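The values are calculated or read from the model by the stated rules, or taken from the named source; none is laboratory data. None of these values were measured; they are calculated from a predicted model. Here the Cβ is made from the backbone with ideal geometry for all residues, glycine too, and neighbour counts use every protein chain on show.
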Amino acid sequence: MSEIEDIKDRVDLVDLAKGYMTLRQAGRNFKAICPFHQEKTPSLMISADKQIWHCFGCGEGGDIFTLVQKMEGVDFYESLKILAQRAGVELKVSEGYRKIKDEVERQADINVLAAEFYHQAFLLSKSGEVARQYIAGRGLNKDMIECFKVGFAPDRWDELTKFLLKRGKKTTEMVAAGLGIYSRQGNVIDKFRNRVMFPIWNMPGKVTGFTGRVLRDEDNPKYLNTSTTKLFDKGRILYALNLAKDEIRKQKQVIVCEGQMDVISCHQFGFRNTVCSSGTAVTKHQLTLLKRMTDTILVAFDNDEAGRRAAYKLTGMALEEGFLVRMVDLKNFKDPDEMLRGDLTGWQKSMEQAVGFVDYFLHVFDKEKKEAKDKSWLADQIIPLIFYVKDEIEKGHYLSLLAEKLGVDERFVYDKYKSYRPSEKKKNEVLSKPETKLEVDERLVSLVICFFDILKKKINGLQVDDFSDKMKKVLSLLKQHEEAVFDWKWLVEMDSEDVKRLQTGVALVEMDYLEVDQEVVEREFDDLQKKLVEVLRTRQKDDLEKKIVTAEQSGDREKIKEYIRSLQDLIIKGK
């Protein structure tokens, strides 16, 4: 007998289903309200004899394995493991898999210990008072602090490391779990220091990693995630999904935010169908997890430029996956957490009146681009989203709605849609507006500011003349300071608009590098430095070629020779 057959013999479908839904007997069978679509009368039938289930409303059905897959949001192998444990069946695995499994279990064990260490440090330690004050200021109650195991990483080099060593853990295991890093002296130190800590659980409820938020505004990066490990992959886990999954199914919709504090606040105020992706872009895999539970996403991203960019990208991906996407208007609040604490009634209304993506982005782009209210331009921003809608009837509805909102004849919108062809580069990409696209030198300087403690020594190798005039000023000022932490006060004499743009650049870089390892940051610095040299060389080459053309037109042979020699020297240097 195979393991699958053995499990089927030991697990009764009716008993299993009772853990997920309320059953009513109907002769030899059972019926229930289907958890996979909205209905008032039961259409899901379970055959006790055949050990199969089927919903006559939405068409879903299968056996014990498919029921667990649908209800738990897991793949077949995960459902096999869940049911094997329930049945008391030991699954046979290869020696290679067993080694990986053992390593994953060790990482999970270390993470559990670390989560409890951080939590107790938050609750009891004297140094944790700053974290307690921060959380108190954010309005979290004791139940939420306990439920989400909010923690604190002490501002010491090896506090967690010493704690884990006393419990028999090895430093190599700490590094493998993403909790320790090697210092320049070669010893292992804590990766997270002086941060509020948020444990991240996977669907089965294992602590897989952490996000740490700074307690001082001048520290960078603002958020720091566990590096990718055999247990933790931020692109495959949604924060709080283990706590939200039942409510998502019950509400038939999921609220997606950007940060952990937004999620915890939503749960505290009763909106427990809320998750987030821990500050990174939502991935296709994460959408697949959600698709097993609901077809509707309510997007409640931060009310700033970066948040709207992320919302635009998520909307395109979600539409492509067949979701109904609605947008939550945060009014004048910066994020869901602030709105919930400042205007709960307003939040509730925004949830109830969440608008479609066409209305939302037309409003956003029209507001942000006041000098470009041209209807054709606005249509160009919305049509790429409509393009990803799979259902042709829905697509037609959105195109008609777009025409109505713009006040133009539908045929003009349809013609523009028919001519739209997304390039591979732009497919599923966030809309890039000119004011947010960073030049290479701007991105390099933004990276230095964001990770000044790591990169301050490397900036001495940068040539100021390779930068634009605005970035020359910033770089010169940065080179004057030896402090460990960057301070915006250093740029007080710069033009306020230039500083504002630089702050936007730092925010974008910070968003891209939430998961930070020193090696990765330094490699990115080196790559950007090389790109800057290439950009400078290309500009010089273009400039010399233009000068050669001008000299040829004027007949100045000496200048022609001079420019050609300079061009040849430039080409030789670039090889």
Test each condition in (1) over 20 Å from the mean Cα position of the chain (by Cα); (2) assigned to a helix (DSSP H, G or I); (3) touching a residue at least 24 places away in the same chain (Cβ under 8 Å) for Thr345 and report the one that comes out false.
-> (3)
Run Asp329 past the list (1) closer than 20 Å to Ala244 by Cβ; (2) in a loop (DSSP other than H, G, I, E, B); (3) of a type outside the set (S, T, N, Q) and report the number of the one that doesn't hold.
-> (1)
Counted residues in segment 7-20 being buried (at least 16 other Cβ atoms within 10 Å of the Cβ) and either modelled with pLDDT under 90 or among the basic types (Lys, Arg) (or both) come to 2
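Do we find a residue being under 26 Å from Arg421 (Cα atoms) and surrounded by 18 or more Cβ atoms within 10 Å (Cβ to Cβ) anywhere in segment 350-357? Let's see the steps before the verdict.
Going residue by residue through segment 350-357, those that are under 26 Å from Arg421 (Cα atoms) are 356-357.
Checking the rest, the ones that are also surrounded by 18 or more Cβ atoms within 10 Å (Cβ to Cβ) come to 357.
Yes.
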Check segment 248-256 and report whether any residue there is out of contact with any Ser or Thr (no Cβ under 8 Å at 6 or more places or on another chain) and over 27 Å from Tyr312 (Cβ atoms).
-> yes
Would you mind finding the one in Gln503, Gln463 that is surrounded by 11 or more Cβ atoms within 10 Å (Cβ to Cβ), under 30 Å from Glu258 (Cβ atoms) and outside the structural domain of Gly259 (by TED's automatic domain parsing)?
-> Gln503
Within the set of pairs 6 or more residues apart or between chains, which connect a residue that is at pLDDT below 85 inside segment 480-507 to a residue that is loosely packed, with under 11 Cβ neighbours inside 10 Å and part of a loop (DSSP other than H, G, I, E, B) with Cβ atoms less than 9 Å apart?
-> Val499/Val492
Options Val506, Val499, Val485, Val474; residue that is under 33 Å from the mean Cα position of the chain (by Cα) and outside any helix (DSSP H, G or I) | Val485
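Tell me, yes or no, whether segment 296-303 has at least one residue that is of a type outside the set (S, T, N, Q), surrounded by fewer than 21 Cβ atoms within 10 Å (Cβ to Cβ) and not assigned by TED's automatic domain parsing to the domain that holds Gly73. Even if it seems obvious, please write down each step before you answer.
As a first pass, look at segment 296-303 and keep what is of a type outside the set (S, T, N, Q): 297-302.
Subset that is surrounded by fewer than 21 Cβ atoms within 10 Å (Cβ to Cβ): none.
Scanning segment 296-303, I find no residue that is of a type outside the set (S, T, N, Q), surrounded by fewer than 21 Cβ atoms within 10 Å (Cβ to Cβ) and not assigned by TED's automatic domain parsing to the domain that holds Gly73, so the answer is no.
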Condition broken by Glu562, with the remaining ones in (1) among the charged types (D, E, K, R); (2) loosely packed, with under 15 Cβ neighbours inside 10 Å; (3) part of a helix (DSSP H, G or I); (4) at pLDDT 80 or above satisfied | (2)
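So, Val275, is that one outside the structural domain of Ile181 (by TED's automatic domain parsing), in contact (Cβ under 8 Å) with a residue 40 or more places away in the chain, farther than 12 Å from Phe148 by Cβ and of a type outside the set (Ser, Thr, Tyr) or not? Write out each step before concluding.
On the way: outside the structural domain of Ile181 (by TED's automatic domain parsing): yes; in contact (Cβ under 8 Å) with a residue 40 or more places away in the chain: no; farther than 12 Å from Phe148 by Cβ: yes; of a type outside the set (Ser, Thr, Tyr): yes.
The answer is no for Val275.
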Odd one out for Ile33 among (1) closer than 15 Å to Leu13 by Cβ; (2) touching a Ser or Thr at 6+ places or on another chain (Cβ under 8 Å) = (1)
Taking the options Ile145, Ile135, name whichever one is under 19 Å from Leu243 (Cβ atoms), without any contact (Cβ under 8 Å) to a residue 40 or more places away in the chain, buried (at least 17 other Cβ atoms within 10 Å of the Cβ) and not assigned by TED's automatic domain parsing to the domain that holds Met293.
-> Ile145
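Quick grid of which residues meet (1) farther than 20 Å from Val355 by Cα; (2) among the β-branched types (Val, Ile, Thr); (3) without any contact (Cβ under 8 Å) to a residue 60 or more places away in the chain:
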site: Ile237; (1), (2), (3): yes, yes, yes
site: Arg292; (1), (2), (3): yes, no, no
site: Val325; (1), (2), (3): no, yes, yes
site: Leu330; (1), (2), (3): no, no, yes
Please specify each residue of segment 408-434 satisfying the condition of being surrounded by fewer than 10 Cβ atoms within 10 Å (Cβ to Cβ), charged (D, E, K, R) and either touching an Asp or Glu at 6+ places or on another chain (Cβ under 7 Å) or at pLDDT below 50 (or both).
-> Glu424, Lys425
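Kindly establish whether Leu319 is aliphatic (A, V, I, L, M), assigned by TED's automatic domain parsing to the domain that holds Ile393, over 15 Å from Cys257 (Cβ atoms) and modelled with pLDDT of 95 or more.
Working: aliphatic (A, V, I, L, M): yes; assigned by TED's automatic domain parsing to the domain that holds Ile393: yes; over 15 Å from Cys257 (Cβ atoms): yes; modelled with pLDDT of 95 or more: no.
Here the answer is no, as Leu319 does not meet what is asked.
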Failed condition for Ala121, given (1) more than 24 Å from Arg272 (Cα to Cα); (2) part of a helix (DSSP H, G or I); (3) out of contact with any Pro (no Cβ under 7 Å at 6 or more places or on another chain) = (3)
